[in-house]
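The values are calculated or read from the model by the stated rules, or taken from the named source; none is laboratory data. On a predicted model such as this, the values are computed, not experimentally measured, just so you know. Counting neighbours? That spans all protein chains shown, and the Cβs are built from the backbone with ideal geometry, glycine included. To get the accessible areas, we keep the full protein, side chains included, count just its heavy atoms, and leave off ligands, DNA and RNA. Shrake-Rupley method; radii C 1.70, N 1.55, O 1.52, S 1.80 Å.
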Amino acid sequence: MTSLPVAIVGAGPVGLAAAARLLERGLTPLVLEAGDSVGANLLDYGHVRLFSPWRYNVDPAMAAQLEPTGWRAPPAEDLPFAGEVVDRVLRPYAALPQVAAALKLHTRVLGISREGFDKVKTSGRDKAPFLMHAEQDGRPVVFRARAVIDASGTWNSPNPLGASGLPAFGEEQLKHRIFYGIPDVLGRDVERYAGKRTLVVGAGHSAANTLLALAELARSMPATRLVWAVRSMVLDRVFGGGDADALPARGQLGNSLKMLRDHGGLEFVGGLRIMSLREEGGTITVEGLDGKGDVRVLAGIDQIVCATGQRPNLPMVSELRLRLDTMLESTEALAPLIDPNVHSCGTVRPHGHRELSHPEPGFYTLGVKSYGRAPTFLMATGFEQARSVVAAIAGDMAAADRVELDLPETGVCGVPAEEALDGASCCGPATSCAPAVAQGAKVRVACCG
């Protein structure tokens, strides 16, 4: 087992941070990336300027290994585009000889198990290496590893338009007119949206970026029209903390979106739960229910942008013994800290290998995938996760348990009004945690401390 590498699924910022920590400790990484470049998911929205400055987007171990080559970190307080993170950090790091030797691009992991053991078998399981079936350049390949770090993210598993978590009726048939993610409205995709009526569905930062780009397009091409639909009737968390946000660019994003809505720059539909789509006369008709349960119809839609979030790809790890939260599909121990029903501050209590491990010895979920369906994640969180997990794999439990994480708060802290219980807040008073919020048989406590 000790002669085998530690496999990392995904060559994004967190996956490569894990590789850096392994190399730092003299361990051999094996990095498997489905795309044709490191940071493939970031490149998918490379045109988007991040609201977190460079100091949150460069892993210290990667930087330390790059510096002897003459590489210099970008200005700490500048705001990078997503594509710049790839070009200025991830690609230079991947070009280091020790990293290039460990990296396998065009390699999609299809399934992970234990060699000779299905999910049911126990005796001797922890002594068996991990077995990974993959497809590399269209050919089946097999890898063996002593431990596995799943940092594959969730970007390629978008949530559907349907409000019930299932695709809306007609969604599959009309998928050629639906963009899942953040289109490049002012660049690559401009012809798709110029002069069209576009419906944007979602209440997060992806939706905000798309709406603001469409508004800019509309200023130069007035026939361009925007419709924004969200499922909630309460928009406090959607617009964010504004000037109270510890990341000014994140606060400004919410302020700009609120101003666009308030000044009539778009048609706003609150409380819409989409049920079905159909094509009529060359345009799309969207049908759903409003906040009162009445039928609401949006006709004459040319294009739809689905920005309803992502979910983890679980079939890949279905033969492993995982402990996932039944609601978020995050690692179970993280769920009380990130539950979006009660937690909106943007901070997460320090966590590391113990919260990221599973009953399957040697398997860890890192990065945004560790959060499952929860929407708020910063790269800095993943970098600290990687440091702790690799320390645990190396047997340095003192370092693994010494976890520090200081994240900037959003400036929004509270239970949505429609869900509030006796005034409970996710952060509670400034000096104490909030009361527990009971949900069925579980009790979830979220705190910003």
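A few notes on this one:
- Using alpha-carbon coordinates, inclination of helix 248-262 to the longest axis of the chain, degrees: 20 degrees
- Expressed as a whole percent, the accessible area of the chain that falls on carbon and sulfur atoms is 53 (1.4 Å probe).
- Residue-averaged [θ]222 nm for the chain, counting only DSSP H segments that reach four residues, each worth -39500 (n - 2.57): -6000 deg cm²/dmol
- Taking trypsin sites (Lys or Arg not before Pro) across the stretch 138-179, none is in a DSSP loop with at most 13 further Cβ atoms lying within 10 angstrom of its Cβ.
- Spatial offset of the stretch 369-395 relative to the stretch 85-124 amounts to 16 Å, using the alpha carbon center of each.
- Cα gyration tensor shape for the stretch 353-397, rounded if a/c is under 1.5, else prolate or oblate: oblate
- Under 5 Å between amide hydrogens, built in the peptide plane, is the criterion, and for residue 180 it picks out 306 among residues at least 5 positions away or on other chains.
- Placed amide H near residue 320: partners under 5 Å, 5+ positions off or other chain: none
- Set of the stretch 170-204 residues, backbone N closer than 16 Å to the point 7 Å along the Cα-Cβ line of residue 280: 170-171
- Ordering 132, 74, 48 by Cα displacement along the dipole of the chain toward the positive end leaves 132 in first place; charges were set at the Cβ atoms of Lys, Arg (+1) and Asp, Glu (-1).
- Residue-count net charge about residue 319 - beta-carbon cut-off 11 Å; Lys, Arg +1, Asp, Glu -1: +2
- Under 14 Å from the Cα of residue 258 - aspartates and glutamates, other chains or at least 8 residues apart: 236, 243, 267
- Around residue 251: net Lys/Arg minus Asp/Glu count, Cβ-Cβ under 10 Å: -1
- Kirkwood Rh in Å, taken over the stretch 114-227 so that all alpha-carbon pairs contribute: 18.2 Å
- 1.4 Å probe accessible area per residue over the chain, in Å²: 43 Å²
- Interchain or long-range residues, amide H under 5 Å from residue 268's placed H: 228
- Selected from 139, 197, 373 as most flexible by GNM, with the chain as the system and alpha-carbon contacts under 10 Å: 139
- Positive minus negative residues near residue 373 (Lys, Arg vs Asp, Glu; Cβ under 13 Å): -1
- Principal-axis analysis of the Cα atoms of the chain puts helix 205-220 at an angle of about 50° to the longest axis.
- For the stretch 262-371, averaging the sequence separation of C-alpha pairs within contact (under 8 Å, six or more residues apart) and dividing by the residue count gives a relative contact order of 17 percent.
- When only the Cβ of Lys, Arg, Asp and Glu is charged (+1, +1, -1, -1), the dipole of the stretch 329-388 relative to its Cα centre reaches about 140 debye.
- Two-site label geometry, residue 121 and residue 79: point separation in nm, points 7 Å out along Cα→Cβ: 5.4 nm
- The chain: angle of helix 379-393 to the longest principal axis, Cα-based, in degrees nearest 10: 20 degrees
- Spatial separation of Cα centroids for the stretch 140-173 and the stretch 14-62, in angstrom: 20 Å
- Enclosing the Cα atoms of the chain in their convex hull gives a volume equal to 162 cubic angstrom per residue.
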